[in-house]
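One structure below.
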2 protein chains.
Amino acid sequence: MNDYQIEMNLSQSRKQKPAFDNLQFGRNFTDHMFIMDYTEGKGWHDPRIVPYQPITLDPSATIFHYGQTVFEGLKAYQTKDEQILLFRPNKNMERLNRSSARLCMPQIDEELALYGLKQLINVERDWVPNLEGTSLYIRPFIISTEAHLGVSPSLTYQFIIILCPVGAYYKEGINPVKIAVETEYVRAVRGGTGNAKTAGNYASSLKAQEVAGKSGYSQVLWLDGKENKYIEEVGSMNVFFKIDGEVITPELNGSILDGITRDSIILLLKHWNIPVKERKISIEEIYQASKEGKLEEAFGTGTAAVISPIGELFWKEKLLVNNGETGSLSKKLYETLTGIQNGSLVDPFGWRVLV
Amino acid sequence: MNDYQIEMNLSQSRKQKPAFDNLQFGRNFTDHMFIMDYTEGKGWHDPRIVPYQPITLDPSATIFHYGQTVFEGLKAYQTKDEQILLFRPNKNMERLNRSSARLCMPQIDEELALYGLKQLINVERDWVPNLEGTSLYIRPFIISTEAHLGVSPSLTYQFIIILCPVGAYYKEGINPVKIAVETEYVRAVRGGTGNAKTAGNYASSLKAQEVAGKSGYSQVLWLDGKENKYIEEVGSMNVFFKIDGEVITPELNGSILDGITRDSIILLLKHWNIPVKERKISIEEIYQASKEGKLEEAFGTGTAAVISPIGELFWKEKLLVNNGETGSLSKKLYETLTGIQNGSLVDPFGWRVLV
Ligand SMILES: Cc1ncc(COP(=O)(O)O)c(C=O)c1O
Ligand SMILES: Cc1ncc(COP(=O)(O)O)c(C=O)c1O
């Protein structure tokens, strides 16, 4: 690992840090960033840590027109004894490479990226908040930078990592959300880019979110693009349902993102001997289960919120899940996962990586 | 029209112009660009013409992560008597606004945008090439610029127009292309963003193009995302088939881009009393028509190539269209449309706009 040469160009001045007890998500960035360039024929080169600074691109840069870009999202946590922990960061680097392959973008050296990330966090140790529920959000991303109007893969790219301290997702305890089942707009379809973490998927999801928001729903539940019938994701999270003692999540079918929280929850449930299945599940089945009194819990999963319980669904008619309250499994999963992440619980899976 | 105030900040120096008889598409940009800013609550402001210059954005700018961006593509032509003509530019500004609406981006004043474009071209008159088949390619685009990691519409945007002289698309006469029918990857689906001109659609199309390219095909024919059966577009063009004397193009179903060349061709065909239908058409039907000897011509349509004849298709098996040669209708449409565009033919439809 230590063979990597990363140039260090540290900032002469330091920003004033925001109050760690009142952090807004994605607004305050640290003093430095990690950058590495790609040039066709030469590969990735010049990995470096530099002062946080604007990106300067030609107006014809392909990112602005043809959208070749992928990203990741993960967090670093400060333990009680001031250690800094990452949660399965190798999974993020692997997924970044899978996303890049779909978008015809070059692969990165995952070890180098992880090494660079650790070096960057080391420089920014003071930025990792230490209050309950807070963390340092990490955003690695790759953009295509060639100055060329043409629908073909860019010949140059930049890989960048930026960091921002973020607050507890649930300020007053974990809170169930109201979700509208989306029947008009589609997030992704088999053969599309749904299983890649790429900008276009998020841009296209805004409209449905806006419409749902106007009716008082905080997010949408996406159905498949082909039959408009099977459940895919909720907002930008994976989704789980507990029906009659069994936990069910949509199988990875190519249009669903392979969530790292999703994977961790499946492993945790198996560890606890709670039955869990990855399979196709229709929205009809959820409503049927509810009618039969068998729908026990529903929740979204993702890095930002970890677990987001679903209290209400709307599809043709309203459906209350667990009386609109957070279920016991959701709660247990939330506490266990966050506990493993922030170092307060043991880590039977070897998921933590020390910075 | 003349009430608009556009600030002019002209460049002190001028670039060396490329040779107009050997222009590469999308590589040489003119001396100036048009910019206008949007701030939530204030609307669009500060329209201005400035020296062509880099765009500087925070690394957290939403364009890099969540891809809110739309664009247009049109051309300006120089006539024999040195007039400069635009082709239906109002259609592009209307479509830009329709694309923006889908992406939750603010609407522009189409008249102001067109006025700004004309002012810009006026400044760059020397950049409009005058050789047969050449033109000035115009790229208006809007990017989201807010420094914020969050899946919600950006609160700030930039609208920019850049220009580049482009050469004749067909250097040695109009040339039929070989097209692979795409059965694995999907460009767009009902409920997605297929009818918006937004970056994500192009990023997601690269992979199929790459695979087809490796087998010697220059583009792919996209089928619908739902049934993988009905024809949608070819590469980034609309597509037409002449079968048994009738011209057929896929109907605008929400996942197909509403091409301005497509619309112009439909109007031209009607003007000529050639039967033309917008309807669903399956790839099966094309192969059947070919077997029965009724498939006469096939061609793609778009601003860049105007008409791109299809000489060969591959879906399960190879299919030669019109013996791999350019059909007479394709040729006539190409000559008529380019003639109207460059001012060498009369314009019965009032499509030209003088700069
Ligand atoms: C579309 C989408 N689905 C699911 C997830 C959850 O993935 P993870 O658990 O790796 O954060 C994310 C991102 O966080 C996402 O953007
Ligand atoms: C996806 C796609 N389809 C069709 C077209 C053709 O549209 P137009 O004729 O307006 O150029 C374009 C763009 O040029 C396109 O990008």
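The values are calculated or read from the model by the stated rules, or taken from the named source; none is laboratory data. What you see is a predicted model; the values in this text were computed from it and never measured. As a convention, Cβ positions derive from the backbone with ideal geometry for all residues, glycine included, and neighbour counts pool all protein chains shown. When the accessible area is computed, the model is the full protein with side chains, heavy atoms only, and any ligands, DNA or RNA have been set aside. Shrake-Rupley method; radii C 1.70, N 1.55, O 1.52, S 1.80 Å.
Being open to solvent by 20 Å² or more (accessible area, probe 1.4 Å), in a loop (DSSP other than H, G, I, E, B) and at positive phi, is that true of even one residue in segment A:151-158?
no
Tell me the residue from B:Asn97, B:Asn90 that is away from chain A (no Cβ under 13 Å), on the phi < 0 side of the Ramachandran plot, in contact (Cβ under 8 Å) with a residue 24 or more places away in the chain and part of a helix (DSSP H, G or I), please.
Of B:Asn97, B:Asn90, the one residue that is away from chain A (no Cβ under 13 Å), on the phi < 0 side of the Ramachandran plot, in contact (Cβ under 8 Å) with a residue 24 or more places away in the chain and part of a helix (DSSP H, G or I) is B:Asn90.
Let me confirm something: among B:Gln24, B:Gln12, B:Gln5, which residue is open to solvent by 20 Å² or more (accessible area, probe 1.4 Å) and under 25 Å from B:Asn342 (Cβ atoms)?
B:Gln24
Before we move on, is A:Asp31 among the acidic types (Asp, Glu) and more than 14 Å from chain B (Cβ to nearest Cβ)?
In short, no.
All but one of (1) in the same structural domain as A:Val189 (by TED's automatic domain parsing); (2) touching a residue at least 40 places away in the same chain (Cβ under 8 Å); (3) not acidic (Asp, Glu) hold for A:Leu354, so report the exception by its number.
Every condition holds for A:Leu354 apart from (1).
If you go through segment A:206-224, how many residues are at the interface with chain B (Cβ under 8 Å from one of its Cβ atoms) and open to solvent by less than 10 Å² (accessible area, probe 1.4 Å)?
Within segment A:206-224, residues that are at the interface with chain B (Cβ under 8 Å from one of its Cβ atoms) and open to solvent by less than 10 Å² (accessible area, probe 1.4 Å) number 1.
Condition check: of a type in the set (Gly, Ala, Ser) and on the phi > 0 side of the Ramachandran plot. Does B:Gly259 satisfy that?
So B:Gly259 fails the test.
Just to be sure, is A:Leu120 assigned to a helix (DSSP H, G or I) and open to solvent by 10 Å² or more (accessible area, probe 1.4 Å)?
Here the answer is no, as A:Leu120 does not meet what is asked.
Find the residue count for segment A:225-237, including only residues that are touching a Phe, Trp or Tyr at 6+ places or on another chain (Cβ under 8 Å) and at the interface with chain B (Cβ under 10 Å from one of its Cβ atoms).
Count: 1.
Determine whether segment A:261-278 contains at least one residue that is assigned to a helix (DSSP H, G or I), within 14 Å of another protein chain (Cβ to nearest Cβ) and away from ligand 1 (no atom under 12 Å from the Cβ).
Among the residues of segment A:261-278, not one is assigned to a helix (DSSP H, G or I), within 14 Å of another protein chain (Cβ to nearest Cβ) and away from ligand 1 (no atom under 12 Å from the Cβ), which makes the answer no.
Restricting to segment B:279-305, what's the tally of residues that are over 26 Å from B:Gly200 (Cα atoms) and either within 14 Å of chain A (Cβ to nearest Cβ) or within 16 Å of ligand 2 (Cβ to nearest atom) (or both)?
Looking only at that region, the number is 1.
Search segment B:136-150 for residues being modelled with pLDDT of 95 or more and not in a strand (DSSP E or B), and hand back the single one that is surrounded by the fewest Cβ atoms within 10 Å (Cβ to Cβ).
Across segment B:136-150, the extreme among qualifying residues is B:His148.
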